[in-house]
Structures are given as structure tokens and as C-alpha cells.
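Read through the structure below, which is laid out as C-alpha cells, and then see the notes.
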Amino acid sequence: MTSETIVARAYRGVSPEQRRAERRARLIAAAIAVYGERGYRLATVKGVCEAAGLTERYFYESFDNSEQLLITSFNAVTYAVLDEISLAARAAGRGRVARARAMLDAYFRALQRSPASARVYLVEIRGVSREVDKAFDAALRAIGSEVARHIAPEAAVPDELLQAGIVGGVMHIALRWIDNGYQPQLASVTDAAVRLGMVLARPTT
């Protein structure tokens, strides 16, 4: 049996769109791993493709350039974590403090579970280009809005500046925690972030 026959059988019943989507997903996963290990600025298209087990022509099938892949990888990490913290908040019940703690615990656990993803989310996204900065800002707005929805749902007019400050503050707590080798213990980090996050729940004067 020839290799061409094996490939043909493996692809039988799988549409070209499905194969393209699978290759795209492999490139995103490889990019997160490579950026997490080497940093975005030291990574190359060739290196990402090698990690994905694909040739470079498949890279340009899905992405125009490295920045587009960085943005896509960042969004994949960010919105997956956002889904996790939203689920945690809903499972925590009605108490604001309980919801805040559940969301923050889920956030820090996600960062600890996947250091490569944490690096993409917290470090590699910064200062690459205006387009990348726009993606970062859009993600911060989405996170701030979701956090406020669970902690301060009665706010008639969302305080977007306060949301931005709190999300940025929590991210700086995360950076310090990671730089310290994930010390102190997760519960202590969550406690500190909860005290900051609950500012959203305070009534405005």
C-alpha cells in the first residue's frame, strides 16, 4: 500500500474545510507553545510550523502574517479563560464575594495550569503593534464587562474606567505571582485579588 493510498483513506469522509480547520487549530496550539517557550519576538513562522508538524504553505492558508497568528492565539487563550471564569461565577451562586472568589480562583488556576498560555496572555501581547494593542484592549473590555456583570449587576451605567483599573490590577497581581514562582499559595493570591475586585461592588457616591 502506497503512502498516497494511506493518506487518501485517512482523509476519506473529511471535507477540505474540516482539514483546513484542523490545520488552523494545530497552528494556534503550536504558536501558544512556541511563544510561551521562546517569546513571540524570537519565534518564526518556520518554528511554529515545525511545532505544528506542517509546512509553511499551510500557515499562509490560514494567516496573513505572524501578528495575525499572535492575535488569534491571544484571543483563543483569553476567551477560553473568560468562559472558565464565567462558568465558575454561575456555579458559585448569588453571593457577590463568592462569585468574585470563584472567578478569580478559576483565573489563577488557569494561569498556573498552562504557563505557556499565561505568557501569551500576559506578556507576549504587549507592544507589538497597533493592531495587536487593539485586540488586547478589546479583550480587557470584554473581561471587565463580564466581571462587572457578576459582581455589580445593578449598575445602571458601567464604570469602564474602574473596570479597566481592576482588570489591570489583577493582571499585575498575576504577573508578580508568576515571577515569584507561583508563590504564595493560590488561596492567598485569590484573597488579595478579591479585595481589589470587590471595589466594583461598592456603591458610587
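The values are calculated or read from the model by the stated rules, or taken from the named source; none is laboratory data. This structure is a prediction, so every number in the text was calculated from the model and none was measured. No Cβ is skipped: glycine too gets one built from the backbone with ideal geometry, and neighbour counts run over all protein chains shown.
Numbers below:
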item	result
Flag if residue 123 is among the aliphatic types (A, V, I, L, M), closer than 21 Å to residue 111 by Cβ, in a helix (DSSP H, G or I) and modelled with pLDDT of 90 or more	no
Test: residue in the stretch 190-200 that is of a type in the set (Val, Ile, Thr), farther than 24 Å from residue 77 by Cα and in a loop (DSSP other than H, G, I, E, B)	no
Residue satisfying all of: in the stretch 12-66; assigned to a helix (DSSP H, G or I) and among the aromatic types (Phe, Trp, Tyr); farthest from residue 127 (Cα to Cα) among these	58
Residue list for the stretch 126-150, restricted to those being touching a helix residue (DSSP H, G or I) at 6+ places or on another chain (Cβ under 8 Å) and either more than 20 Å from residue 172 (Cα to Cα) or of a type in the set (Ser, Thr, Tyr) (or both)	129, 131, 145, 150
Residue 63 being more than 21 Å from residue 140 (Cβ to Cβ) and among the aromatic types (Phe, Trp, Tyr)	yes
Cross-chain or 6+ apart pairs with Cβ under 6 Å, the stretch 138-153 first and at pLDDT below 90, then not in a helix (DSSP H, G or I)	148/158
The listed residue being outside the structural domain of residue 42 (by TED's automatic domain parsing), touching a residue at least 40 places away in the same chain (Cβ under 8 Å), in a loop (DSSP other than H, G, I, E, B) and crowded, with 18+ Cβ neighbours inside 10 Å, out of 128, 81	128
Index of the failed condition, residue 93 passing every other in (1) surrounded by fewer than 21 Cβ atoms within 10 Å (Cβ to Cβ); (2) part of a helix (DSSP H, G or I)	(2)
Conditions (1) free of Cβ contacts under 8 Å to residues at least 24 places away in the same chain; (2) of a type in the set (S, T, N, Q); (3) surrounded by 15 or more Cβ atoms within 10 Å (Cβ to Cβ); number of the one not met by residue 180	(3)
Close pairs from the stretch 26-46: first closer than 16 Å to residue 115 by Cα, partner among the acidic types (Asp, Glu) and in a helix (DSSP H, G or I), Cβ under 7 Å, at least 6 apart	35/124; 39/124; 40/124
Close pairs (8 angstrom Cβ cut-off, 6 or more residues apart or separate chains): not assigned by TED's automatic domain parsing to the domain that holds residue 32 in the stretch 98-121, small (Gly, Ala, Ser) and not in a helix (DSSP H, G or I) anywhere	98/92; 99/92; 99/93; 101/92; 102/92; 103/92; 119/39
